[in-house]
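Visitor: First, the structure itself, so that you have it in front of you.
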Amino acid sequence: MEIMLKAGVGMIFATLALGWLGTFARWLPIPGLEGGLIKDYGLMIKAHVDFVLMALLNFTFYVVAKSVGIDLPVEACWMIAIGGFTNPSVFVIASLKPDFWQFMWVKIYTVASFIISTIGFGWASIILFNAV
């Protein structure tokens, strides 16, 4: 289950990095890169917020499972951790390259990310629900 803690910390660092990247790209542009790095600031903000939410979900599932004395299956924990990174990364990629939705690999990546997240969070939720 500790993977959820480590992943949550990684997501917090990703959130901080996106915050700094967005700030510097917007208000302190590097000569030659003006308007070139981030194409859609709205999607970058969505990624920033999504990383925070995913980190909180990782931490919450860990704490709740520990508080009721349950060890969640390691596979579910890995799915939660992987989904926590891959879901917001779709917004990051889209903010840098808005036309990326036209590629098949992106559609497959997005669907796989959602499936992994759904199975992981659903599995852990069912286990916690049945424990109380």
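Visitor: Test L5 against the criterion of being assigned to a helix (DSSP H, G or I), at pLDDT 95 or above, within 27 Å of F129 (Cα to Cα) and open to solvent by 70 Å² or more (accessible area, probe 1.4 Å), and give yes or no. It would help to see each step written out before you state the result.
Guide: Values: assigned to a helix (DSSP H, G or I): yes; at pLDDT 95 or above: yes; within 27 Å of F129 (Cα to Cα): yes; open to solvent by 70 Å² or more (accessible area, probe 1.4 Å): no.
No, not satisfied.
Visitor: Then there is this: Got at least one residue in the stretch 64-78 being open to solvent by less than 60 Å² (accessible area, probe 1.4 Å), touching a Cys at 6+ places or on another chain (Cβ under 6 Å), under 20 Å from A124 (Cα atoms) and in a loop (DSSP other than H, G, I, E, B)?
Guide: Looking through the stretch 64-78, none of the residues is open to solvent by less than 60 Å² (accessible area, probe 1.4 Å), touching a Cys at 6+ places or on another chain (Cβ under 6 Å), under 20 Å from A124 (Cα atoms) and in a loop (DSSP other than H, G, I, E, B).
Visitor: Still on this model: How about the stretch 69-117: which of its residues are in contact with a Leu (Cβ under 9 Å, 6 or more places away or on another chain) and among the aromatic types (F, W, Y)?
Guide: Correct list: F91 only.
Visitor: Take the residues in the stretch 54-63 that are touching a residue at least 60 places away in the same chain (Cβ under 8 Å) and open to solvent by 30 Å² or more (accessible area, probe 1.4 Å); name whichever of them is nearest to I119 (Cα to Cα). Let's see the steps before the verdict.
Guide: At the first step, the residues of the stretch 54-63 found to be touching a residue at least 60 places away in the same chain (Cβ under 8 Å) are 57, 61-62.
Now restrict to residues that are open to solvent by 30 Å² or more (accessible area, probe 1.4 Å): 57, 62.
On the way: L57: 14, Y62: 16 Å.
Only one residue fits best here, namely L57.
Visitor: If you go through the stretch 10-31 one residue at a time, how many are open to solvent by less than 70 Å² (accessible area, probe 1.4 Å) and at pLDDT 85 or above?
Guide: Qualifying residue count for the region: 8.
Visitor: Suppose we filter L18, L53, L37 for residues that are part of a helix (DSSP H, G or I), more than 29 Å from F129 (Cα to Cα) and in contact with a Pro (Cβ under 9 Å, 6 or more places away or on another chain); which single one remains? Step through it out loud before you land on a result.
Guide: On the way: L53 fails: more than 29 Å from F129 (Cα to Cα); L37 fails: part of a helix (DSSP H, G or I).
Sole residue among the options that is part of a helix (DSSP H, G or I), more than 29 Å from F129 (Cα to Cα) and in contact with a Pro (Cβ under 9 Å, 6 or more places away or on another chain): L18.
Visitor: Still on this structure, please answer the following. Do we find that F51 is modelled with pLDDT of 95 or more, open to solvent by less than 70 Å² (accessible area, probe 1.4 Å) and of a type in the set (F, W, Y) in this structure?
Guide: Yes.
Visitor: Here is a further query. Looking at (1) in a loop (DSSP other than H, G, I, E, B); (2) crowded, with 17+ Cβ neighbours inside 10 Å, which is the one condition that is false for S95?
Guide: Only one criterion in (1) in a loop (DSSP other than H, G, I, E, B); (2) crowded, with 17+ Cβ neighbours inside 10 Å is unmet by S95, namely (1).
The values are calculated or read from the model by the stated rules, or taken from the named source; none is laboratory data. Please read all numbers here as calculations on a predicted model, not as lab measurements. Here Cβ is always computed from backbone atoms with ideal geometry, including for glycine, and neighbour counts include all displayed protein chains. SASA here: full protein model, heavy atoms, side chains in, ligands and nucleic acids out. Shrake-Rupley method; radii C 1.70, N 1.55, O 1.52, S 1.80 Å.
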